[in-house]
Amino acid sequence: MEGLRLNLNALKPAAPKSDAVEATAKRKAKAKTAEPIEESWRKIFAMKLSDADRKRVTEVKAAMDAGKLARDPADCVNKAGNPKAFSKAEALRLWKTLQEAQREETLRQMVENTPNNYELITTEERFQALIDALNNEEIIAVDTETTGVDVYTDVIVGLSLTLPNADWHVYIPVEHVDCEQLSRAYVLEGLAPVFNDESIGKVLHNAIFDIAMLRRHGFDLKGVAWDTMTAMHLLNENESDRALGGAGSFKLKDLAPKYLKTPADTFDALFGRNAQFKEVPLDIALVYAAKDTELTWKLYEFQRYHMAKIPTILDYYQTVEIPLLYVIVDLEANGYILDLDFAKEYGEKLHKRAEELRKELVAELTPFHEGDEPINLNSTHQMRPALSKAIGKDLSNMDAKKTLKPLKDDYEIIAKLLEYKNIVKLSGTYIDTLPTKQNPTTERWHSRFNPMGTVTGRFSSGKDEEDKTQQGFNVQNQPPEARPMFGPPPGKLLVGADFKAQEIRCVAYLSGEPVLINAFLEERDPYATMASNFYKRPHEEVYKNADGSDTKERKKMKVAWLATLYGMSDYSLADMLGVGKKEATEFKEELFGSMPKLSAWLKENEEFVRKNGYVWADLNARKRRLPDAKLPRKNIPYGKWNDPKYDDARKHNSRINRALRQATNARVQGSSSIQTKVTMIKAHEYCANKPGWALWSTVHDELIFEVPEDFTWEEAQEIRDIMLNSYRWGDVVPNGTDIEVMRKWGEGVPVEEWFKNKEAV
DNA sequence: CATAACGGGCGC
DNA sequence: ATAGGCGCCCGTTATG
């Protein structure tokens, strides 16, 4: 019928058509010819694709080109019966089909090709043979399979071990479904003597997880000798950056293909995203789990060989990063207690005020807002034009600090908006959100501390990559308003100890600058000294406020000084100090002109990284690789600085400039992080010998302890000693520390005052 | 409806 | 000319 009607219509004289109708007809006519698939692929690959999507569509194309995969005929035409072009969405659907088919085949082949030296341990007899064999090993590889990544709630369902001397790789299921196996209690009891034996070294990938998991079941894993994940960070901190030739991540499954030339499928790819390992049939579980420890072992041998060629790094790794793993397990497990009443009360206060402000702001901005929906105050996209009109001034962005703050005294609406944004941030990220992250098992809050979370060696803090429970949070960026939510357990206090001017002391030491060194030897505060000079006000006026906190001026000087040191432009510096560009330039010249040795050191760092493509942290313990620093500069002719033709050249050169700025910063930040880590190990040892003591937290340049209420002055001096003497800047620059006592985080009194008050009572 | 990019903002 | 370093996380927007 369709065709007949069309034919009839075709006989009629063509009616005059409007342009729009004609355009639609053209589109329809065009759609009737199928777009060649090569053209579709070209379009898909020209799109902005995530790494994961790019990998997927590439796999699909390969399978289709090889004739292993074809389009679903149902997808080739649309509802009107016209040919439908091949799309990214369809490619991704095909990827799932491909995955499924490949998964089955891969699993079948894996089982078929199970190596002869892989063994499933399910009987007491074979388990005893394993224990006997373990006693002939100096070092083994260990891995646990679990129900999830919550180390306080999830359980171990199996363990794999690699015994290098015996050339034997085993998997011991302990809680798989529907199979004969040994019990977890029996297996862990049996392995305990080996796990407790420090003389038998253990190699793991991400040891923190397995140590914590075993501890959750009441067992220690002593003698960890190597962690292939953290070691990889030292050997190549850029590994997750594919643009720099990295494997894309620090996962074993990504490292194995790159360094061992062994393909390895991820858990998700083999079993699906939400699969439970305990439901995996044992023949498959064996070949997957035993391969994990075998790969870990091989990666260890590879890493060990390469790290041995840089003995300073090997020594640092073994004496600092390895012992630190145990410190972190304790730190994370100790966790936090939150004052939920405080959070609730404060949260309600914030909501009430936010709602008042929201109503007023919406009412005031609606006349300037285009669109049917009410204006969304959280949308910079909607707010920038509306607010610009409201104040009659074109705003280039909605940056609170740079754009809005300077206008807040002139426009009440901006002052209101700033208060509103402040509250939304505070309640949304901290006050309302943190209380939802309590761990159901321990009833405490546990954040993660990743000792290799940054390219420079600092800790990062947050949630686990695989965490589906959303319990993780960053303890290192809690604002002052949120800190009082955190407190010590009943009967205890918090004691905070920071490294006074840690990075600037580090600079003094690394550069050998006498002006700085002398300031520290004479116990002068360098920032207050600089602030006093700059603002032309007495030292004591710009040093500390009456309550002991830093003055605005000193804080500003601290940030400005460090920023300048790390290459901030005069333009930005002027912005930050709230002065003109000329004044900023003079400040900088005065600052560095008076310290020639420091200036020379900055230049040396640039020259070194330009020549070598990396820089060293203190004692050559760690490298920061900056390959961009070695790139040759591209020429931009004089007078062409704004020419879009040279955009690429500008981009290229700015990568080089960035690497040069990173060079000095990496040396300072990297060296300082080493100081903090070494000191943490000492602090942890100290706490281990004192009942009721624990390391509570760390925020880059400070350690916080949890101590009993009867904490003494002598103990405060021992903390001071730990801070001052665990890691010294070559005995050239002394360390400094301020110690304070807190009942709530962030509400501390100096330790001297604390004990003076105590005496008075 | 999921994922990723983006703008913005908190810490040292 | 460009315009401090190192992180993590939120809400919005773009995308298929």
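Please treat every number below as a calculation from the coordinates, not as lab data. Given the structure is predicted, the values throughout are model-derived calculations rather than measurements. Please note: Cβ atoms are built from the backbone with ideal geometry, for glycine as well, and neighbour counts cover all protein chains shown.
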Dividing the helical contributions, -39500 (n - 2.57) per DSSP H run of n ≥ 4, by the residues of chain A yields a 222 nm value, nearest 500 deg cm²/dmol, of -15500 deg cm²/dmol
What whole-number distance in Å separates the alpha-carbon centres of the stretch A:515-544 and the stretch A:82-153? 61 Å
Low-density loop trypsin sites (Lys or Arg not before Pro), the stretch A:338-427, at most 14 other Cβ within 10 Å, DSSP non-H/G/I/E/B, are A:K393
Sorted largest first, extent of the stretch A:437-516 alpha carbons per principal axis (Å): 55, 35, 21
Exceeding the 24 Å Cα-Cα cut-off - candidates A:K389/A:K416; A:K500/A:K544; A:K468/A:K492; A:K393/A:K416; A:K500/A:K552; A:K558/A:K758: A:K468/A:K492; A:K558/A:K758
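Counting alpha carbon pairs within less than 8 Å and at least 6 residues apart, what relative contact order, in whole percent, applies to the stretch A:161-220?
Relative CO of the stretch A:161-220 lands at 20 percent.
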Relative counts (whole %) of C-alpha pair distances in chain A, using bins that are 10 Å wide: 2, 10, 17, 21, 21, 15, 9, 4, 1, 0, 0
Theoretical FRET efficiency, 1/(1+(r/R0)^6), r = Cβ-Cβ of A:R242 and A:T429, R0 25 Å, to 0.05: 0.25
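With Cβ to Cβ distances under 10 Å as the rule, what net charge do the other residues near A:E553 carry (K, R +1; D, E -1)?
Net local charge, A:E553 excluded: +4.
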So which aspartates and glutamates can A:K408 reach, going by Cα to Cα under 17 Å and dropping same-chain residues fewer than 8 places off? A:E360, A:E364, A:D394, A:D399, A:E419, A:D575
Given a cut-off of under 8 Å on Cα pairs at least six residues apart, what relative contact order in percent is computed for the stretch A:527-594? 21 percent
Going by a ≥ b ≥ c, the root eigenvalues of the Cα gyration tensor, does the stretch A:537-646 fall in the rounded group (a/c under 1.5), the prolate group (a/b larger than b/c) or the oblate group? oblate
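Which trypsin sites (Lys or Arg not before Pro) does the stretch A:688-746 hold that lie in a coil by DSSP with at most 16 other beta carbons within 10 Å?
Listed in order of number, the matching sites are A:R728, A:R743, A:K744.
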Whole-number Å³ per residue for the convex hull built on Cα positions in the stretch A:616-761: 184 Å³
Straight-distance crosslink candidates among aspartates and glutamates, where the alpha carbon sits under 12 Å from A:K344 and sequence neighbours closer than 8 are dropped: A:D432
Mean projected area (nm²) from the convex hull of Cα positions in the stretch A:124-194 is 5.1 nm²
Can you give the relative contact order of chain A as a percent, counting alpha carbon pairs under 8 Å and 6+ residues apart? 11 percent
Can you list, largest first and rounded to whole Å, the semi-axes you get for the stretch A:339-443 by taking the square root of 5 times each eigenvalue of its Cα gyration tensor? 31, 14, 13
I need the trypsin sites (Lys or Arg not before Pro) found in the stretch A:230-318, filtered to DSSP loop residues with at most 11 other beta carbons within 10 Å of theirs. A:K261, A:R273, A:K309
